[in-house]
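Engineer: A single structure is presented below for examination.
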Amino acid sequence: MRRKAHGGVKGAIGQFTVEEYDEMLRNDLIQLQNVLGDNQFLMGDPRVDCLALGHIGHAYFRLPQSRSYIHELIDSAELSPFKQYLERVVKTLF
């Protein structure tokens, strides 16, 4: 599954190794966590956070039994505040 996803995005953002894609994902999530800081929501309004939840939440919540690298990242201690954010958005919106 990972190779199939890798093949689908190389035309959009360039051709990288799986490890490079993994590092880009990690860096993106860390940057989102940094933007979040001590705030409850990224832009102050949970409705704005629907976009982030739509993209990241789909990969994380849709098939929790299908573990992937995004699960490892979000479940890690490093991204614990980001996981709490995702759970908070889900609880607030649903």
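Engineer: What residue, among those in the stretch 28-46 that are open to solvent by 60 Å² or more (accessible area, probe 1.4 Å) and in a loop (DSSP other than H, G, I, E, B), is farthest from F94 (Cα to Cα)?
Structural biologist: Applying the filter and picking the extreme gives D38.
Engineer: Separate question: Only one of Y21, Y60 is open to solvent by less than 60 Å² (accessible area, probe 1.4 Å) and over 21 Å from L93 (Cβ atoms); which? Show your work before the answer.
Structural biologist: Values: Y60 fails: over 21 Å from L93 (Cβ atoms).
Residue meeting the stated conditions: Y21.
Engineer: Against the definition (surrounded by 10 or more Cβ atoms within 10 Å (Cβ to Cβ), at pLDDT 85 or above, more than 21 Å from T92 (Cα to Cα) and of a type in the set (G, A, S)), how does S68 come out, yes or no? Please lay out each step first, then the result.
Structural biologist: Details: surrounded by 10 or more Cβ atoms within 10 Å (Cβ to Cβ): yes; at pLDDT 85 or above: yes; more than 21 Å from T92 (Cα to Cα): yes; of a type in the set (G, A, S): yes.
Here the answer is yes, as S68 does meet what is asked.
Engineer: I would also like to ask the following. Condition (residue is of a type outside the set (A, V, I, L, M), at pLDDT 85 or above, open to solvent by less than 70 Å² (accessible area, probe 1.4 Å) and within 23 Å of E19 (Cα to Cα)) applied to the stretch 81-88: is it met by at least one residue? Spell out how you get there, then give the answer.
Structural biologist: We begin by selecting, within the stretch 81-88, every residue of a type outside the set (A, V, I, L, M); these are 81-85, 87-88.
Now drop any that are not at pLDDT 85 or above, which leaves 81-85, 87-88.
This time we only want the ones that are open to solvent by less than 70 Å² (accessible area, probe 1.4 Å), so: 81-83, 85, 88.
From what is left, the residues that are within 23 Å of E19 (Cα to Cα) are 82-83.
Looking through the stretch 81-88, at least one residue is of a type outside the set (A, V, I, L, M), at pLDDT 85 or above, open to solvent by less than 70 Å² (accessible area, probe 1.4 Å) and within 23 Å of E19 (Cα to Cα).
The values are calculated or read from the model by the stated rules, or taken from the named source; none is laboratory data. Given the structure is predicted, the values throughout are model-derived calculations rather than measurements. Cβ atoms come from the backbone with ideal geometry, glycine included; neighbour counts cover every protein chain shown. Areas reflect the complete protein model, heavy atoms only, side chains present, ligands, DNA and RNA absent. Shrake-Rupley method; radii C 1.70, N 1.55, O 1.52, S 1.80 Å.
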